[in-house]
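Before any comments, here is the structure.
Since every read-out is calculated from the coordinates, none of them should be taken as a lab result. All values derive from a computational prediction rather than experimental measurement. No Cβ is skipped: glycine too gets one built from the backbone with ideal geometry, and neighbour counts run over all protein chains shown.
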Amino acid sequence: MTESYDIIIVGGGMVGATLACGLAEEADNLRIAVIDANQPATDWDTASYDMRVSAITRASQDLFKSIDVWDNIVAQRISPYQDMYVWDAGSDGELHFDSADMGETDLGHIIENRVIVKALHQRMAELSAITLLCPAQVESINFADDATELCLADGAQLSAKLVVGADGTRSWIRQQADIAVKGWDFDQAALVTTVKTEKYHQDTAWQRFLNTGPLAFLPLTEGYSSIVWSTSPDEAKRLSEISQQEFALELEQAFESKLGKIESVAKRAVFPLRLFEALNYIKPRLALVGDAAHTIHPLAGQGVNLGLADVASLIDVVVDALQHKKDIGDKAVLRRYERWRRAENRSMLVAMDGLKRVFGSDLTIVKSLRRIGLNLTNRITPIKNLLMHQAMGK
Ligand SMILES: Cc1cc2nc3c(=O)[nH]c(=O)nc-3n(C[C@H](O)[C@H](O)[C@H](O)COP(=O)(O)OP(=O)(O)OC[C@H]3O[C@@H](n4cnc5c(N)ncnc54)[C@H](O)[C@@H]3O)c2cc1C
């Protein structure tokens with residue numbers, strides 16, 4: 001027996017789960033299935049922090065509010081940041097953003113990924129339109145004319161008018177659909193961990209551009225900071241293997257002791273960094289969202305925010321198609337989603353690549369240009385405000 005749905009979302013991470021909740025809230029009578037290969041954590045020791053955190057913009061916060069998960073996220077744990085301070089190791093260029101300059105209370109929030117995923121899964125469980133299949137493994141997929149058919153490892157057969165690949169950067173769905181990606185070779189990895197610093201982080205997101213890559217200190221509660229240190233894969237491996245004391249010392253030096261001594265270091269992990277975009281976001285009866293469609297460098301903290309913007313657009317396109325009695329899996333319908341998102345995502349991908357190259361360069365001319373660029377941007381209010389609006393996703 002084949003179980004029929006309107007939409008099947010493969011991947012119930014931050015992006016896929018938000019899409020499911022948004023569709024269930026915005027469209028009537030939709031049958032939605034969400035399949036995830038992994039059961040997310042729901043219980044943990046709150047004395048420690050998730051090593052994966054995201055800087056969530058105002059636009060993403062509004063989306064979470066609209067699907068009734070924001071209050072749950074706030075009740076678990078969030079860290080607002082009011083300032084952002086960026087400086088360059090190769091010159092005396094610096095840039096400072098202050099939310100007060102925009103008449104805002106904050107620039108965004110640093111939130112543990114596990115907190116967001118838990119709130120989303122709790123919301124999915126409340127919405128009767130959503131069937132959550134988790135943990136479940138998709139074994140095969142067949143794109144037929146009138147539906148996409150999926151077969152799960154336990155033998156279950158499912159079909160839907162539209163399947164959405166929200167299964168992350170190595171998307172199995174994208175590969176099965178034969179959608180190629182165009183990428184830029186980065187040869188970078190990120191070392192992530194949580195540290196406690198001697199001085200309070202001042203609710204500021206700090207980022208120092210080193211020649212080897214950016215080093216970010218993102219503010220958490222109780223004076224802790226989440227570290228994202230982008231560098232070469234070999235160096236990231238070395239940094240993950242040295243003793244805690246050696247690591248603390250190297251981190252403090254790389255950060256120019258801006259927050260004093262590093263008093264404690266939690267578990268360290270290394271994530272390979274990629275930068276690519278799928279050549280197509282859609283094909284008949286399929287759409288890709290989030291990291292499955294595009295993966296960027298974490299330096300601007302925009303990855304999941306772009307994925308959530310995909311979600312907002314896809315909801316709009318699906319609801320509009322339903323109102324006009326159109327087939328939601330039709331290529332002409334889905335093309336509007338692809339055109340809409342590709343333009344914005346591509347400009348961010350290109351900007352990230354440019355930043356990485358400019359700040360990774362040893363050339364004197366490039367170094368002086370970036371000093372002039374950072375300092376000028378810092379002084380010219382309209383450009384600064386524009387960048388702040390973009391960083392906030394407004
Ligand atoms: C070090 C680092 C720091 C970052 N910091 C930020 C930041 O500050 N701000 C920001 O906006 N972004 C940040 N990002 C990017 C952000 O983490 C990603 O953009 C985001 O996780 C993408 O969400 P997603 O739901 O698309 O994919 P994922 O989070 O990868 O979720 C994919 C889901 O699909 C499931 N899945 C995978 N394969 C299958 C399968 N075959 N079948 C079924 N289910 C499957 C997985 O279990 C998972 O639940 C950072 C990334 C890194 C590496």
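For Ala156, what is the net charge nearby, where nearby means another residue's Cβ is under 12 Å from its Cβ and Lys, Arg count +1, Asp, Glu -1?
Once all neighbours under 12 Å are counted, the net charge is -4.
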| field | Relative contact order computed over the chain (Cα-Cα under 8 Å; 6+ residues apart), in percent | value | 21 percent
| Distance (nanometres) between label positions extended 7 Å along Cα→Cβ at Asp28 and Val350 | 4.3 nm
| said: Using just the Cα positions, wrap the chain in a convex hull and report its mean projected area in square nanometres, one decimal place. | reply: 19.5 nm²
| request: Run down the aspartates and glutamates and flag those whose C-alpha is under 15 Å from the C-alpha of Lys261, throwing out any fewer than 8 positions away in its chain. | output: Glu198, Glu246, Glu250, Glu252
| request: Report the residue, chosen from Asp353, Asp36, Asp187, that carries the largest GNM mean-square fluctuation when the chain is represented by alpha-carbon nodes joined by springs under 10 Å. | output: Asp187
| query | Contour minus end-to-end for Met102 and Asp187, with contour as 0.36 nm per residue of separation and end-to-end as the Cα-Cα distance? | reply | 26.9 nm
| request: Name the most mobile residue of Ser99, Ser243, Ser230, meaning the one with the largest mean-square fluctuation, in a Gaussian network model of the chain with Cα contacts below 10 Å. | output: Ser243
| task | Could you size up the charge dipole of the chain around its Cα centre, putting +1 on the beta carbon of Lys and Arg and -1 on that of Asp and Glu, and report it in debye to the nearest 20? | result | 920 debye
| note | Of the listed pairs Lys161/Lys326; Lys118/Lys283; Lys161/Lys325, those with alpha carbons more than 19 Å apart are Lys118/Lys283
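Please express the shape of the stretch 187-270 as an equivalent ellipsoid: the semi-axes are the square roots of 5 times the eigenvalues of the C-alpha gyration tensor, given largest first in whole angstrom.
Working: eigenvalues 73, 37, 24 Å².
Output for the stretch 187-270: semi-axes of 19, 14, 11 Å.
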| query | Which chymotrypsin sites (Phe, Trp or Tyr not before Pro) in the stretch 42-130 pass both tests, a DSSP loop state and at most 16 other beta-carbon atoms within 10 Å? | reply | Trp44
| note | Any aspartates and glutamates whose Cα falls less than 12 Å from that of Lys267, other than same-chain ones fewer than 8 residues away, would be Asp50, Glu241
| said: I need the phi-derived Karplus couplings for the stretch 195-203: 6.51 cos²θ - 1.76 cosθ + 1.60, θ = phi - 60°, integer Hz, Gly and Pro marked x. | reply: 10, 10, 10, 4, 9, 5, 6, 6, 6
| task | Could you calculate the FRET efficiency of Tyr200 with Ala343 from 1/(1 + (r/R0)^6), where r is the beta carbon distance between them and R0 is 41 Å, rounded to 0.05? | result | 0.50
| task | For the stretch 187-270, calculate the relative contact order in percent as a whole number, restricting contacts to Cα pairs under 8 Å that are 6 or more residues apart. | result | 42 percent
| query | So between Ala47 and Gln253, what do we pick up on full extension, going 0.36 nm a residue minus the alpha carbon distance? | reply | 71.5 nm
| said: Mean-square fluctuation check for the chain, GNM, Cα pairs under 10 Å: which of Val117, Val181, Val192 is largest? | reply: Val181
